[in-house]
1. So which residues in the stretch 430-451 are open to solvent by less than 20 Å² (accessible area, probe 1.4 Å), of a type in the set (A, V, I, L, M, F, W, C) and farther than 11 Å from Ser398 by Cα?
2. Only residues that are closer than 17 Å to Thr59 by Cα and more than 15 Å from the ligand (Cβ to nearest atom): list them for the stretch 105-128, please.
3. Counting only residues that are without any contact (Cβ under 8 Å) to a residue 40 or more places away in the chain and within 12 Å of the ligand (Cβ to nearest atom), how many does the stretch 358-382 have?
4. Examine the stretch 134-141 for a residue that is within 15 Å of the ligand (Cβ to nearest atom) and touching a residue at least 12 places away in the same chain (Cβ under 8 Å), and state whether such a residue exists.
5. Taking the stretch 483-501 as the search range and keeping residues that are assigned to a loop (DSSP other than H, G, I, E, B), farther than 21 Å from Arg416 by Cα and of a type in the set (D, E, K, R), which one is modelled with the lowest pLDDT?
6. Would it be correct to say that Ala559 is in contact with a helix residue (DSSP H, G or I) (Cβ under 6 Å, 6 or more places away or on another chain), surrounded by fewer than 22 Cβ atoms within 10 Å (Cβ to Cβ) and under 19 Å from Lys594 (Cα atoms)?
7. Kindly list the number of the only condition in (1) closer than 23 Å to Ala61 by Cβ; (2) more than 16 Å from the ligand (Cβ to nearest atom) that fails for Ile180.
8. Among the candidates Leu462, Leu385, Leu401, Leu448, single out the residue that is more than 16 Å from the ligand (Cβ to nearest atom), over 20 Å from Lys343 (Cα atoms) and not in a loop (DSSP other than H, G, I, E, B).
Amino acid sequence: MSDRPSTPLLDQIARPADMKGLSDAQLVQLAHELRQETISAVSTTGGHLGAGLGVVELTVALHAVFNTPRDKLIWDVSHQSYPHKILTERRDRIRTLRTKGGLSGFTKRSESPYDPFGAAHSSTSISAALGFSVARDLGGVVPEGLGEAIAVIGDGAMSAGMAFEAMNNAGHLDKRMIVILNDNEMSIAPPVGALSSYLSRLYAEEPFQELKAVAKGAASLLPEPFREGAKRAKDMLKGMAVGGTMFESLGFSYIGPIDGHDLDQLLPVLRTVKARARGPILIHVLTKKGKGYAPAETARDKGHATAKFDMVTGEQKKAPSNAPSYTGVFGDELVKLAAKDDKICAVTAAMPDGTGLSLMAERYPSRCFDVGIAEQHGVTFAAALAAGGMKPFCAMYSTFLQRGYDQVVHDVAIQRLPVRFAIDRAGLVGADGATHAGSFDIGFMSNLPGMVVMAAADEAELVHMVHTAAAHDAGPIAFRYPRGEGEGVEMPEEPQLLEIGKGRMIQTGKRVALLSFGTRLGETRKAAEALSAKGITPTIADARFAKPLDREMILKLVADHEALITIEEGAVGGFGSHVAQLLADEGVFDAGFKFRSMVLPDTFIDQASPKDMYETAAMNAPQIEAKVLEVLGVAQIGEKRA
Ligand SMILES: Cc1ncc(C[n+]2csc(CCOP(=O)(O)OP(=O)(O)O)c2C)c(N)n1
């Protein structure tokens with residue numbers, strides 16, 4: 001028996017053009033089937049479930065009314081795009097989502113013409129839609145043509161500065177474009193901040209919004225059934241002064257809020273907007289994250305991200321783990337520090353669970369801040385907390401910290417403020433793919449004067465680093481650690497305060513020294529074991545610091561060996577580059593010393609398991625072993641010498 005749902009209507013739809021002849025009643029049926037197919041697919045792949053389920057009707061309505069790929073439909077973050085993928089020629093591959101060689105979990109230009117603009121980091125969609133609408137008006141030429149520009153953005157993503165920068169610009173340029181605010185009262189965690197309370201007020205005052213639209217003369221934009229009521233409302237409103245909504249003051253016509261699960265509302269509103277809109281329009285749509293699947297609807301995160309699961313019970317199929325997660329270790333140590341020191345505080349940008357700060361938020365709510373999806377603000381806010389005598393930990397994923405980089409430079413580093421950067425998801429992260437890889441932070445943090453940069457080789461090292469960072473008041477300090485579980489090492493009874501800029505020796509060998517920065521140490525040890533079977537015993541050292549470098553240790557490794565190999569989970573321009581610079585400056589290469597640096601390749605690696613991605617990056621134990629043999633000039637049997 002197949003566990004696939006029965007989807008007779010969806011089976012006839014390969015692309016949006018196939019939907020054009022469907023009646024509104026059939027579109028309701030199509031939405032139902034699309035929801036079942038989405039649940040079924042994600043149950044086999046894992047991934048983002050709740051957000052997609054929340055936009056099923058919206059996805060159907062948009063594709064029924066607009067003409068993609070000519071019309072540019074841009075999904076913000078795009079974690080909600082699975083139903084869109086099913087309707088746009090990718091249903092046959094939907095059960096390959098987020099796997100090696102399969103569909104990306106996000107929209108991707110290289111994957112489909114129906115994905116006109118890739119995403120995964122939030123709050124870019126309005127800028128992108130505006131760019132498309134301006135390109136259209138300037139006569140830009142692309143193969144699919146340039147029609148409407150439509151951004152779909154969540155209430156969480158709308159809280160980011162970039163969304164407002166884009167609206168401000170769009171209002172000024174006054175281009176025809178459509179922003180759909182998908183308001184489900186959820187980010188990953190419940191949304192925070194004034195915008196979210198503002199939106200709640202808007203829909204608490206639903207009739208008022210309709211009246212206000214009328215007062216602003218927007219009645220013509222409303223679909224026929226609404227217009228009648230609107231006329232009556234207008235009479236009632238005569239003489240009443242009504243202020244514009246925030247969106248109206250930014251230059252958008254505002255329509256809403258409307259029920260985003262009711263195609264009888266969505267379809268007429270979208271058709272009317274398409275027929276009549278002139279400048280920028282914002283349609284405020286209310287949806288429920290996880291809609292139509294009870295286990296998602298009732299989950300704390302509304303099924304935001306899930307492992308593979310049993311469709312009937314909703315139970316997730318996670319492999320049991322023995323070692324604690326790095327994120328958990330960070331969160332636990334931080335709480336211990338906060339208990340002893342009331343100056344310790346923490347900042348997260350909409351990721352309280354993902355960064356392990358939930359415990360801190362629970363125990364010390366007055367010292368734990370979720371700033372919303374606002375990394376730039378979060379970093380500057382942390383900088384000023386430090387300037388005000390607090391000891392802030394700014395906990396962000398490596399990939400999202402990229403968005404706060406100028407703030408790291410300008411507000412933290414130049415002012416030498418002791419912000420502690422806890423950089424989670426360092427290195428390759430797996431199913432989320434290239435957009436989420438933490439590839440660049442070693443480079444972009446280590447090149448900043450005065451910044452201390454550490455990487456934990458295992459979970460015990462992370463304990464030491466959290467405490468070392470807390471004690472470091474002289475300037476900014478960062479420590480990075482990967483996604484997932486630790487190595488299963490014994491945890492220290494007492495944390496150590498590490499000496500800044502000092503590495504540690506792991507094993508002393510001969511001829512070649514392997515200098516690891518971060519959690520490749522495990523693979524390095526494995527490589528060393530394999531090599532010892534071949535009569536080669538490398539020296540292994542853990543650098544701990546990319547900035548400042550342990551010059552003494554590195555130069556001693558050079559003096560005692562014929563070759564040195566650095567290994568790090570980061571792109572070129574990071575630890576290995578700093579070591580190379582040191583060796584070049586010290587004249588080490590003048591005498592022909594052999595040096596190699598193992599870094600991520602100069603490509604964006606698509607999603608796969610982290611192990612697989614490191615295989616692609618040629619950074620697992622066998623490849624470290626091969627590198628040693630190569631540098632020592634020992635050819636492997638059956639292999640050509642490099
Ligand atoms: C710049 C950035 N920071 C953090 C994230 C992590 N993230 C992914 S989805 C999400 C919540 C988005 O909420 P919302 O826009 O309301 O969409 P919903 O999931 O509720 O549909 C967050 C914080 C991100 N993708 N980009």
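1. Within the stretch 430-451, Leu448, Met451 meet the criteria.
2. Residues satisfying the conditions are Ser112, Pro113, Tyr114, Asp115, Pro116.
3. Residues meeting the conditions: 2.
4. Going residue by residue through the stretch 134-141, those that are within 15 Å of the ligand (Cβ to nearest atom) are none.
Looking for residues that are within 15 Å of the ligand (Cβ to nearest atom) and touching a residue at least 12 places away in the same chain (Cβ under 8 Å), one finds none in the stretch 134-141, hence no.
5. Quick first cut of the stretch 483-501, residues assigned to a loop (DSSP other than H, G, I, E, B) only: 483-484, 486-501.
From the residues that got through so far, the ones that are farther than 21 Å from Arg416 by Cα too are 483-484, 486-496.
Imposing the further condition that a residue be of a type in the set (D, E, K, R) reduces the set to 483, 487, 490, 493-494.
Values: Arg483: 97, Glu487: 96, Glu490: 96, Glu493: 93, Glu494: 96.
Here the residue is Glu493.
6. Details: in contact with a helix residue (DSSP H, G or I) (Cβ under 6 Å, 6 or more places away or on another chain): no; surrounded by fewer than 22 Cβ atoms within 10 Å (Cβ to Cβ): yes; under 19 Å from Lys594 (Cα atoms): yes.
Taking the combined requirement at face value, the residue does not satisfy it.
7. Here Ile180 meets the rest and fails (2).
8. Values: Leu385 fails: over 20 Å from Lys343 (Cα atoms); Leu401 fails: more than 16 Å from the ligand (Cβ to nearest atom); Leu448 fails: not in a loop (DSSP other than H, G, I, E, B).
Exactly one residue qualifies, and that residue is Leu462.
The values are calculated or read from the model by the stated rules, or taken from the named source; none is laboratory data. Predicted, not measured: the structure shown is a model, and the values here were computed from it. Here Cβ is always computed from backbone atoms with ideal geometry, including for glycine, and neighbour counts include all displayed protein chains. All accessible areas refer to the heavy atoms of the entire protein, side chains included, with ligands and DNA or RNA removed. Shrake-Rupley method; radii C 1.70, N 1.55, O 1.52, S 1.80 Å.
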